[in-house]
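> Quick one: this structure, given as structure tokens, is what I'll be asking you about.
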Protein chains: 4
Amino acid sequence: MAKSKYEYVREFETEDKLLPNVFILVRIDGKGFHKFSAEHDFAKPNDVRALNLMNHAARSVMNELDDIVLGFGESDEYSFLFRKSTDLYQRREAKIVSTVVSLFTSAYVYYWRDYFPDSSRPKYPPVFDGRAVLYPSEVEVRDYFAWRQADTHINNLFNTSFWALVEQGKMSPRAAEVKLSGTDSKQKNSMLFEEFDINYSKIPAIFRKGSILLREQIPKDMDKDAIIPTLPETLPGSMVAKATLFTVIENSSSSLDTPSETTDSENVIAASSSSSSSLQSSAVASVSSAQDTLSVKSTQDTPQEQELDGVTPEDRKRPADDTKEPSSDSKPVFKRMKKGVVIDHIDIIGEKFWTGRGAYIIAPEKKKRMRTIL
Amino acid sequence: MAKSKYEYVREFETEDKLLPNVFILVRIDGKGFHKFSAEHDFAKPNDVRALNLMNHAARSVMNELDDIVLGFGESDEYSFLFRKSTDLYQRREAKIVSTVVSLFTSAYVYYWRDYFPDSSRPKYPPVFDGRAVLYPSEVEVRDYFAWRQADTHINNLFNTSFWALVEQGKMSPRAAEVKLSGTDSKQKNSMLFEEFDINYSKIPAIFRKGSILLREQIPKDMDKDAIIPTLPETLPGSMVAKATLFTVIENSSSSLDTPSETTDSENVIAASSSSSSSLQSSAVASVSSAQDTLSVKSTQDTPQEQELDGVTPEDRKRPADDTKEPSSDSKPVFKRMKKGVVIDHIDIIGEKFWTGRGAYIIAPEKKKRMRTIL
Amino acid sequence: MAKSKYEYVREFETEDKLLPNVFILVRIDGKGFHKFSAEHDFAKPNDVRALNLMNHAARSVMNELDDIVLGFGESDEYSFLFRKSTDLYQRREAKIVSTVVSLFTSAYVYYWRDYFPDSSRPKYPPVFDGRAVLYPSEVEVRDYFAWRQADTHINNLFNTSFWALVEQGKMSPRAAEVKLSGTDSKQKNSMLFEEFDINYSKIPAIFRKGSILLREQIPKDMDKDAIIPTLPETLPGSMVAKATLFTVIENSSSSLDTPSETTDSENVIAASSSSSSSLQSSAVASVSSAQDTLSVKSTQDTPQEQELDGVTPEDRKRPADDTKEPSSDSKPVFKRMKKGVVIDHIDIIGEKFWTGRGAYIIAPEKKKRMRTIL
Amino acid sequence: MAKSKYEYVREFETEDKLLPNVFILVRIDGKGFHKFSAEHDFAKPNDVRALNLMNHAARSVMNELDDIVLGFGESDEYSFLFRKSTDLYQRREAKIVSTVVSLFTSAYVYYWRDYFPDSSRPKYPPVFDGRAVLYPSEVEVRDYFAWRQADTHINNLFNTSFWALVEQGKMSPRAAEVKLSGTDSKQKNSMLFEEFDINYSKIPAIFRKGSILLREQIPKDMDKDAIIPTLPETLPGSMVAKATLFTVIENSSSSLDTPSETTDSENVIAASSSSSSSLQSSAVASVSSAQDTLSVKSTQDTPQEQELDGVTPEDRKRPADDTKEPSSDSKPVFKRMKKGVVIDHIDIIGEKFWTGRGAYIIAPEKKKRMRTIL
């Protein structure tokens, strides 16, 4: 048979199994997205449509690959964390990385028209690359995500300042760069506030903190691939307003009215509280199905990041009490919950997240799995 | 600075540079394409639209990555060969594999609507995975592609027989499988001819031999991303007829009129000779720009590179004679040539290809490149 | 300069850094030691000289490479565990493995004449090979060593039974194998006791449990490369008696006089208690410096770290009582202690070891090291 | 069974097979040999005993591992080239590297006393490390060895100059270094000749060119592990004279009597011509069996492979003339030949070697081996 004569070439395939029992982190990056952004008139410094499309694609990846326990996105980059014990594709590196990249790319092109409805597809096919990194312990995993979120903060503060100077301040890009060089965060914050009346802490959390994708309870009838509604606010010093297709109310919307330091709380993007202003109501309607249900989720989570493992039924009711109205129907809702991917924009630097909502991510896994391999 | 405190996590990134000066082969495969084919009613045993979309996506990859010197596709699989000396991404494995997979996936979704015009996008995002294999020498490269093409032949003969039994013979899939088990190629050929009047050697070469993507001269004004026209023939024992969107004349179209063993010649899919029958003329018009110029290419290549097993020298001359006219204006055309990706369906098993059209693929490369690295 | 013209060949060297912050385990094995043992008349089933030479070589490795925190040896095999944070040779795999193997081999040949004084060197150069394995967590490290010690037990029980049948029972090797096949541990134990009057639990611990090399306090004036004294006992059913060069008193020497189940205590090979019989005194003298001080160590360790399976608290006190005197001068001794490599033959399967003497091995390490890399 | 419960730890062992059909090069290096040389009073700039011991150890490696086709040594470093098709240990990297390093180390310690008879073993166990590099083609293999031999030349010329200045010129090491810095080869050559009456080209080839180990015909009764005789000459500007244990006649022994430029020929260390002077006769006797036959080899090779930089054609003829007689009895000798490892000190930079004696090293291998794997 002709086949066997040539099949020896398979001998050149080398095994690329990743070490067992360590976290696998796959990070993907847009290739040539500087040009891609320009070609498609992405808003500066942030384009909420583009970010939401990234989030949608990332959610698709996580919906497909159950062993991803955490996602983090900023700009044209996304990180996916697999649980330690994953045996996806027998942990073959090329298979894992290429599948994640392909899934992401496919969804990005596929859902493009839902975020850029003026064009049914981009001007040319966008490309991402990816790579895997192994992290043995929880400390490194936390520090990895802290690294990416700190990077998000630094880049966004710089970009916000830069584009305020250029677009509002009418400076040349060169002059803006010179002015910003050597300044620290505090100085940039002051400049934004004093020169451009921009309270940096009120800029949408999606820009300041990136997007965090978590596996949590979501309403059973929620479409796991629902289009992600855009932000209500216009971003000072940017063209983001043009990009707003849908409007949605912030989770902690009260903070918008009373500008205090507490506004630095999480903004659950894929969700919204029920106190919608008239201005936003029409837009809200268009995403109503998501709202009804997601608002429930928001309320439950509101006390932020609480993990209620080992908590008595009495304890569990209390947080709901704080947000009295929605909680009134919390019981029936609970029956209709399922595990799903939730998109949020919260702090993942520091203890709070990892001992709270993120606790399940780095929770010890049972060893049994490994042992039963043999 | 917050950044530096966490950046140590980069230390966990390991280098994955591929050995220099060996051929890099990246093979990608559709994931779950059994289901994907069924969901999208792909014709059995071959869907020419789907194959052409694969070819289009593969050509996009090669248009983007200059160092790929050869592509070979069959079914939902594609192989890409990089030249030995490529320094693409410093030969980092994950970067190369993920980029190829992403490019391919992106183009597949992007161009879907051009091959499946009834739907603007598939029912869900398709996914591919990929891997790299290193081949040190020309012998292995040739044997690799021989392995894939032999695989194409074996699978297609089986599938053609199977679906003839099921669709035309009204056998159950189970019964068809039983009947075919243990039969050799000769027996399958006989059965097809005697029971279903199918001359296997006349089935379109794209099905029997897969698709070969080469870097050759193409007309300067040719759109390198032009939609690939479909085949004119209906495939006996299949539903391929439904898939025919465009019609195009075979390179060696005379063989269609005089069914002889010489029909086993190459079918330059992205091209066509100028001797079109009236039936085909309208379709040809729709791809006219490609035709005018590509016909020149066909004529030029015909005499030297055609693989005509068991054909006398006299026979070999004929195809060239048939296309006499276009070759007369070959000189002016030459001025308008550029390097481009050509899609063909020829034998790559055996000496002929590798000493003929494929000679450039395994030609020795200059060492200078390597030495100047330092 | 001629040099630079050729130096490009270094480009073919690939990086082989091992993942940071996981345990590195290097295991070495004798190559062709079946033949090597036969050529040098190693006693069956165990040759204490050969085992001590292995231990000596292993200790040399640990004396040289500070980052090895644990060693385990059995037969012609040795395992070395590096601490998680080791940055030895920047964690380059080939460098680490080859250095360990070379160090071991070098010491094995070098010290041969001290264990086989009849010949100044072996009949031909012995060879070992090695490999590295990564273990991310403490659980796997414990299970790795449990795996090796369980292997030691299984092999030794079989070999002891086999050679008893062959040497004392005058059976053919073939017949002995047949008789043993399918028997479990209990049956082998019974057979040894009933047919050959061998109490398996009294066979020297070095044979039953292998050798464990630990980093602990040793007397400051102790030669870290001192020749390891051999065991006092003759091994029933073996030729080990011939191999005894030095004689040394067991840690829990009382057990020799009163053969009870408590004899299953550790035998600190590199050490001995002070209650030496007249027969042993001369040999003891030759390792006297080690004795005075190490006996102190034994006493100190006895109460806490001894693994005494199925032994009552009353039993546990006894060993300490036996060595009452030396412990009285433990304070002045303490001043003269230093870190060194200690050889012992204790249980490393189970909690006791890893929460006791082995606790330092898997103790959490400070992360600072990693972060300061950048 | 206890064993299986823990055996899952084997899952952490990763495959490390080296790419098939490429040359495997293993290079080993002495660790801390600066100190080791000093501790053992190695002669400066070269110690012929130490080099011969290195060569002996390397020959042991090649005698053990048939798939090594070439060895090259200089100073405390050795390179071993495996043939492309080797399947030694299924090409597992750690196994190959560790075995080569262990074999080498073992032989080095083992044969120490034969080269340093004053001491039966070194002051402490010497250590080597090693690594594998893959080379896909013949060009890189040649350039690799050219790289190492060029390195040998550069280092030796510097060291010879340096130690001449220090030992004969009574300069301080610091002053000698300053004087040499920035000088090229020509200047160093002139200085050696003018200031110290040292004709660099007459320094033994083992120092200038390193040692090449080849697989060639050797006399059937020759001991493949015979002690390598040392050089007869004293090295000007060195203490090598002290190191001479055995005396042996140079290949082109006439050059000893008539010191001319022709002495720059190869010195087949493991061999000697038959025209021995009375002073050398006793030593020669001890390697007599090698002499008869190997002298034949020398004569044959002389004309073709000699690299004689700056030598006129007239000069070149002479060495062949000098050894006319032995070649007359080449036929009977041939009957008693076998394949063995030959040590020589010739040019491996340039065409001559690789098309001559070294041709077998890079000769194409049959592919059959690979294909029959499956």
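The values are calculated or read from the model by the stated rules, or taken from the named source; none is laboratory data. Because the structure is a prediction, the values reported are computed rather than measured. As a convention, Cβ positions derive from the backbone with ideal geometry for all residues, glycine included, and neighbour counts pool all protein chains shown. We work out accessible area using only protein heavy atoms, side chains counted, and drop any ligands, DNA or RNA first. Shrake-Rupley method; radii C 1.70, N 1.55, O 1.52, S 1.80 Å.
> What's the total number of residues in region C:79-106 that are in contact (Cβ under 8 Å) with a residue 60 or more places away in the chain, in a helix (DSSP H, G or I), more than 8 Å from chain D (Cβ to nearest Cβ) and surrounded by fewer than 24 Cβ atoms within 10 Å (Cβ to Cβ)?
Matching residues across region C:79-106 total 2.
> Right, here's the next one. Within the bounds of region B:186-194, is there any residue that is surrounded by 16 or more Cβ atoms within 10 Å (Cβ to Cβ), under 24 Å from the mean Cα position of the chain (by Cα) and not acidic (D, E)?
Checked against the condition, which is being surrounded by 16 or more Cβ atoms within 10 Å (Cβ to Cβ), under 24 Å from the mean Cα position of the chain (by Cα) and not acidic (D, E), region B:186-194 yields at least one hit.
> Looking at B:S4, B:S37, can you tell me which residue is outside the structural domain of B:S120 (by TED's automatic domain parsing) and of a type in the set (G, A, S)? If you could, list the steps in order and put the result at the bottom.
On the way: B:S37 fails: outside the structural domain of B:S120 (by TED's automatic domain parsing).
From the options B:S4, B:S37, the qualifying one is B:S4.
> Now a separate question. Quick check: is even one residue across region B:69-76 touching a strand residue (DSSP E or B) at 6+ places or on another chain (Cβ under 9 Å), of a type in the set (F, W, Y) and surrounded by fewer than 22 Cβ atoms within 10 Å (Cβ to Cβ)?
So far as region B:69-76 goes, no, none of its residues is touching a strand residue (DSSP E or B) at 6+ places or on another chain (Cβ under 9 Å), of a type in the set (F, W, Y) and surrounded by fewer than 22 Cβ atoms within 10 Å (Cβ to Cβ).
> Take B:D151 and tell me if it is touching a Lys or Arg at 6+ places or on another chain (Cβ under 7 Å) and open to solvent by 10 Å² or more (accessible area, probe 1.4 Å).
Considered against the rule, which asks whether it is touching a Lys or Arg at 6+ places or on another chain (Cβ under 7 Å) and open to solvent by 10 Å² or more (accessible area, probe 1.4 Å), B:D151 comes out as yes.
> Out of D:A226, D:A270, report the one residue that is assigned to a loop (DSSP other than H, G, I, E, B), under 21 Å from the mean Cα position of the chain (by Cα), of a type in the set (G, A, S) and at pLDDT 85 or above.
Of the residues listed, the single one that is assigned to a loop (DSSP other than H, G, I, E, B), under 21 Å from the mean Cα position of the chain (by Cα), of a type in the set (G, A, S) and at pLDDT 85 or above is D:A226.
> On the given criteria, is D:K123 in the same structural domain as D:I28 (by TED's automatic domain parsing), modelled with pLDDT of 95 or more and open to solvent by 10 Å² or more (accessible area, probe 1.4 Å)?
So D:K123 passes the test.
> Can you pull out every residue in region B:139-166 that is more than 19 Å from the chain's Cα centre (by Cα) and more than 13 Å from B:L25 (Cβ to Cβ)?
Hits for region B:139-166 are B:V139, B:F158, B:S161, B:F162, B:W163, B:A164, B:L165, B:V166.
> Might you check whether a residue that is among the aromatic types (F, W, Y), open to solvent by less than 10 Å² (accessible area, probe 1.4 Å) and in a helix (DSSP H, G or I) occurs anywhere in region A:159-166?
no
> Still on this structure, I have one more. Could you list all residues from region B:1-42 that are open to solvent by less than 50 Å² (accessible area, probe 1.4 Å), polar (S, T, N, Q) and either within 9 Å of chain A (Cβ to nearest Cβ) or part of a loop (DSSP other than H, G, I, E, B) (or both)?
Hit for region B:1-42 is B:N21, nothing else.
> Now a separate question. Which residues, counting only those in region A:107-125, are in a loop (DSSP other than H, G, I, E, B) and facing chain B (nearest Cβ under 7 Å)?
A:S120, A:R121, A:P125 - these are the residues of region A:107-125 that are in a loop (DSSP other than H, G, I, E, B) and facing chain B (nearest Cβ under 7 Å).
> Considering only region B:133-142, state which residues are open to solvent by less than 10 Å² (accessible area, probe 1.4 Å) and either within 7 Å of chain A (Cβ to nearest Cβ) or in a loop (DSSP other than H, G, I, E, B) (or both).
Passing the criteria: B:V133, B:Y135, B:P136, B:E140.
> Looking only at region C:120-139, count every residue that is in contact (Cβ under 8 Å) with a residue 24 or more places away in the chain and in contact with a helix residue (DSSP H, G or I) (Cβ under 7 Å, 6 or more places away or on another chain) and tell me the total.
13
> Keeping to region B:167-182, report how many residues are open to solvent by less than 70 Å² (accessible area, probe 1.4 Å) and in contact (Cβ under 8 Å) with a residue 12 or more places away in the chain. Show your work before the answer.
First pass over region B:167-182, keeping only residues open to solvent by less than 70 Å² (accessible area, probe 1.4 Å): B:167, B:169, B:171-172, B:175-176, B:180.
Keeping just the survivors that are in contact (Cβ under 8 Å) with a residue 12 or more places away in the chain gives B:167, B:169, B:176, B:180.
Count: 4.
> Are any residues in region B:146-183 within 9 Å of chain A (Cβ to nearest Cβ) and out of contact with any helix residue (DSSP H, G or I) (no Cβ under 7 Å at 6 or more places or on another chain), and if so, which ones?
Scanning region B:146-183 gives a single hit, B:R148.
> OK, next. Suppose the filter is out of contact with any Ser or Thr (no Cβ under 7 Å at 6 or more places or on another chain) and under 21 Å from D:H56 (Cβ atoms); does D:T152 pass it?
Spelling it out, D:T152 is indeed out of contact with any Ser or Thr (no Cβ under 7 Å at 6 or more places or on another chain) and under 21 Å from D:H56 (Cβ atoms).
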